[in-house]
Ligand SMILES: *Cc1c(COP(=O)(O)O)cnc(C)c1O
């Protein structure tokens, strides 16, 4: 990744400034770098000529390298070429996007759907299309960065509630309903202020589930709207893999259902499912949709094939396999008692399990050391640090897929359990942080 052009060896003041910042990042144990992978995403990946057992991917159903998706993408390349040419509103909207969106609306049982180039663009485009400075956006403390950025960009008043804390959420909703009443009458006539609650269903770095039923009841009580990002639940739980809102029977009561196409669906992109009015408004107002070239048609075709696949019997079988691996891993690494395994307390509150198992470490450098130690044994588990999670909340984030075998999971558990016995050694080493 790093390209050093020896023709320009002189370090400019600009670069000096950047090096100071990089040094600070390194000192804090937060330095990140890209690792080149020379294989497809799968349980075994090639990095630097070595094969690693991979527990880092969100390819939960093992679809990212599946022949069905590859064939769909290949066909789309043959028929529609590689590039989309311009924004869908400018040069016409290629058929694969429409097929994908019809498939998504059918999958999620909503009136309509709209796909975006990424999940990030979905969040930014949607929230900014719906809210302005007179409105209130209420975020879960652990919400994904793209939704935080979207909330900041839209200009609405931001309120944050403690993670999945319904009492805290209700306090904010009570405040926002009085705030709304006291807003300027003139402005209210033009466009009434609104409150939007934003949560994930399965949280990306903690793997726990939001209390969606209770949140739906609250937003209805206070006349707020709800947006649920199902990035890590789409394809993973619910009937036909529809997600956690479906599993909990509240999908039809959520105004804005978001998902991504690059995780369990094995392709790339993001989407919103909801009413036809919502989709029409996004086509007219979502700037990340309007002012961006459409994704490659092959990505839409692969995602559309994945949407069919997850609803099939084979999709059901992969979800069962995934769940078996998740349960095996959770019991297998429980003896790692020195590291708190996340989401323990909430496990019984929700009928569904995510495929994300965080192993809480705390200290950033220590998390990196543990990841390095696993890597020495040929196992790739990422150390997740600030700013992805809060400072002092670093962790190893294990993600499982249906493509892992019981042997793969046993190997991980044995390695983790072995590391705990060497923990004092690990703590005493003060190796520089190197891993993302
Ligand atoms: C990955 C992720 C996104 C962003 O989706 P991309 O397609 O990767 O841009 C949004 N929300 C959550 C919760 C995610 O985990």
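All of the numbers you see were taken from the coordinates with simple rules; none came from a lab. The model shown is predicted, which means the values in this text are computed figures rather than measured ones. Glycine gets a Cβ as well: all are built from the backbone with ideal geometry, and neighbour counts include every protein chain shown.
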Over the stretch 1-135: Rg over Rh, Cα atoms, Kirkwood Rh: 1.07
Fraction of antiparallel bridges per DSSP, the chain only, in percent to nearest 5: 55 percent
In nm, spacing of pseudo-spin labels at residue 391 and residue 133 (7 Å Cα→C-beta vector): 3.1 nm
Förster radius 30 Å - calculated FRET efficiency between residue 27 and residue 141, Cβ distance, rounded to 0.05: 0.65
Average projected area [Cα convex hull, the chain], square nanometres: 23.7 nm²
Sorted by Cβ density within 10 Å, fewest first, the residues 388, 199: 388, 199
Residue of 115, 176, 12 that the Gaussian network model of the chain assigns the largest fluctuation, springs spanning Cα pairs under 10 Å: 12
Ranking of 144, 240, 404 by count of other Cβ atoms within 10 Å, fewest first: 240, 144, 404
Percent breakdown of C-alpha pair distances by 5 Å bin, ordered from the shortest bin, for the stretch 67-310: 1, 7, 14, 18, 19, 16, 11, 7, 4, 2, 1, 0
Full-extension gain in nm, residue 50 to residue 37, via 0.36 nm per residue minus C-alpha separation: 3.7 nm
Computed label-point distance, nm, for sites residue 312 and residue 152 using a 7 Å Cα→Cβ extension: 4.3 nm
GNM top mover of 91, 329, 146 - the chain, alpha-carbon springs below 10 Å: 91
Spin-label pair residue 162/residue 98, simplified geometry with 7 Å Cα→Cβ offset, distance in nm: 5.1 nm
Least to most buried among 42, 354 (fewest other Cβ within 10 Å first): 42, 354
Value of relative contact order over the chain, rounded to a whole percent, pairs C-alpha under 8 Å and six or more apart: 23 percent
Extension gain, residue 377 back to residue 170 (0.36 nm per residue minus Cα-Cα distance, nm): 69.8 nm
At R0 = 35 Å, FRET efficiency that the Cβ-Cβ distance of residue 239 and residue 417 yields, to 0.05: 0.45
Gaussian network model of the chain, Cα within-10 Å springs - most flexible of 316, 170, 230: 170
